[in-house]
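Q: The structure is given below, and queries will be raised subsequently.
The values are calculated or read from the model by the stated rules, or taken from the named source; none is laboratory data. Since the structure is predicted, the reported quantities are computational estimates derived from the model, not experimental observations. Because the Cβ atoms are built from the backbone with ideal geometry, glycine has one as well, and the counts that use them run over all protein chains shown.
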Amino acid sequence: MYLRDRAAKGFTVIQAVALAELNGLTEPNRYGHLPLQDKDPARPAVKDGPANDYWDFVDEVLDLAEANGLYVGFLPTWGKYVTSSPFDGKVDGLFNMTNAETYGRFLGERWRARSNLIWILGGDKAPSTPEAVAVWRAMARGIALGVAGREDCDAVLMTYHTSGPGHVSDFLHDEPWLDFTSAQSSHGDLVESWRFMEKHWNRHPIKPVIDLESSYPGALIPAAWLPTHMRAAHPSTKPANDDHARRAAYWAVFAGAFGHTYGHNSIWQMYAPPRKPILDPKQTWREALDAPSATQMGHLRRLIESRPFLTQAPDQTLIAGEVGTGPDHIRALRGDGFALIYTPTGRPFSVRLDKLSGAKVKASWFDPRTGESRGLDSFPPKGERAFTPPGPPAEGNDWVLVLEAR
């Protein structure tokens, strides 16, 4: 049900964890199976024959995702089994360099022929010490050895999911197995995802970047969970809503991200009674499937894919005057023959049309809430021009100005 729904809404990748955060080593799955023998990563609990152990069930899920046209962003383990703290990088979990490589090799060998896996190391934990980096490097090496029979980083597509608010590139950017980098802008009503993507745009070596965890509707990370020195980077005081989730996605993509992670507070934990709730979910996961922002992610995908994707790049110089702060911050994206400018609150802004080519510039408004467009006039690409989005300025009255050279 979940995978069919996500495929129908236009999602392409589902993040999933083998050794799950919530009692993943001690609470059997619905078939009564645990993933490891005696909580030992070097001893996966595998039995001969089909459909009779935990890993057979993982096979079934991967098959079902593939049947629905979905990739799986596969986390071999949640980060707490390497380091318990999200931030200090102290290696105090089940994994060490030796068993991390053994476990990685087991996974790589088991799924070496699969074409719908994207490997995501980490799991909400910053690899902020050399010891932590060494364990994750050993796991990456094991996966490559299992897939390719040698330490061939090109044989796998791999990244890392860190704690938030935070950047993987602060610790791992030069690792050869890190094919694309990521950040976690984290949760709440004031998260500015664009800042996390903008940081990476000109960082060398250049790597694609994505926000792997951001502004889930219904979720707020309490400030008390963060170290004191990080609280200023996470100013939110209220849980995010659908408008915040949508804004985070447009901000991130228009700031240079190659995609975006959508999540919901009820869905990441698959909340339904009698399961113990975390961060006070207001709906079951089944009810949350139809959150407006879930459908609205598909509108963003279709907008981006309707233009030449590989020519797209952020360009704030298109905006004449102030780009705005906080919820008013405007982002501009351009590509061959077009420009897209996102305003989260629908406040008026001006554009430097002389930065666009063509004899005329055709303008229209794209509504991120409905995916519908409203045509405007054509203009000569000269000077500056003011644009006023439909409706009164307010949070949630977001619009994209679409400019196309004619």
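Q: Filter segment 83-106 down to the residues that are among the charged types (D, E, K, R) and part of a helix (DSSP H, G or I), then identify the one that is nearest to Pro130 (Cα to Cα).
A: Glu101
Q: Which residues, counting only those in segment 245-263, are touching a Pro at 6+ places or on another chain (Cβ under 7 Å) and surrounded by 24 or more Cβ atoms within 10 Å (Cβ to Cβ)? Please lay out each step first, then the result.
A: Filtering segment 245-263 for residues touching a Pro at 6+ places or on another chain (Cβ under 7 Å) gives 245-247, 250, 254-256, 258.
Result: Ala245, Arg246, Arg247, Tyr250, Phe254, Ala255.
Q: For Met297, work out the one condition from (1) over 22 Å from His200 (Cα atoms); (2) among the aliphatic types (A, V, I, L, M); (3) out of contact with any Gly (no Cβ under 8 Å at 6 or more places or on another chain) it doesn't fulfil.
A: (3)
Q: On to the next question. Which of the following residues is among the small types (Gly, Ala, Ser), over 21 Å from Ser236 (Cβ atoms), surrounded by fewer than 18 Cβ atoms within 10 Å (Cβ to Cβ) and in contact with a helix residue (DSSP H, G or I) (Cβ under 6 Å, 6 or more places away or on another chain): Gly358, Gly335, Gly321? Show your work before the answer.
A: Values: Gly358 fails: in contact with a helix residue (DSSP H, G or I) (Cβ under 6 Å, 6 or more places away or on another chain); Gly321 fails: in contact with a helix residue (DSSP H, G or I) (Cβ under 6 Å, 6 or more places away or on another chain).
Of Gly358, Gly335, Gly321, the one residue that is among the small types (Gly, Ala, Ser), over 21 Å from Ser236 (Cβ atoms), surrounded by fewer than 18 Cβ atoms within 10 Å (Cβ to Cβ) and in contact with a helix residue (DSSP H, G or I) (Cβ under 6 Å, 6 or more places away or on another chain) is Gly335.
Q: In the set Pro28, Pro50, which member is more than 22 Å from Gly123 (Cα to Cα) and over 22 Å from the mean Cα position of the chain (by Cα)?
A: Details: Pro28 fails: more than 22 Å from Gly123 (Cα to Cα).
Testing whether each residue is more than 22 Å from Gly123 (Cα to Cα) and over 22 Å from the mean Cα position of the chain (by Cα) leaves just Pro50.
Q: Something else about it: Please work out which residue is surrounded by the most Cβ atoms within 10 Å (Cβ to Cβ), limiting yourself to segment 58-82 and to residues that are in contact with a helix residue (DSSP H, G or I) (Cβ under 8 Å, 6 or more places away or on another chain) and part of a loop (DSSP other than H, G, I, E, B).
A: So the residue we want is Val82.
Q: List the helices (runs of 4 or more DSSP H) inside segment 126-202, counting only whole elements, that have at least 3 residues being outside the structural domain of Val91 (by TED's automatic domain parsing). Working first, answer last.
A: Values: elements: 130-148, 169-172, 193-198.
Passing ranges: none, list empty.
Q: Another question, if that's okay. Can you say whether Leu121 is touching a helix residue (DSSP H, G or I) at 6+ places or on another chain (Cβ under 6 Å), crowded, with 24+ Cβ neighbours inside 10 Å and in contact (Cβ under 8 Å) with a residue 40 or more places away in the chain, as far as the supplied structure shows? Don't jump to the end; show me each part of the working.
A: Numbers: touching a helix residue (DSSP H, G or I) at 6+ places or on another chain (Cβ under 6 Å): yes; crowded, with 24+ Cβ neighbours inside 10 Å: yes; in contact (Cβ under 8 Å) with a residue 40 or more places away in the chain: yes.
Considered against the rule, which asks whether it is touching a helix residue (DSSP H, G or I) at 6+ places or on another chain (Cβ under 6 Å), crowded, with 24+ Cβ neighbours inside 10 Å and in contact (Cβ under 8 Å) with a residue 40 or more places away in the chain, Leu121 comes out as yes.
Q: Report every pair of residues separated by at least 6 positions or lying on different chains whose Cβ atoms are under 6 Å apart, first residue within segment 362-377 and over 21 Å from Gly10 (Cβ atoms) and outside the structural domain of Tyr342 (by TED's automatic domain parsing), second part of a strand (DSSP E or B) and aliphatic (A, V, I, L, M).
A: Partner pairs satisfying both residue conditions: none exist.
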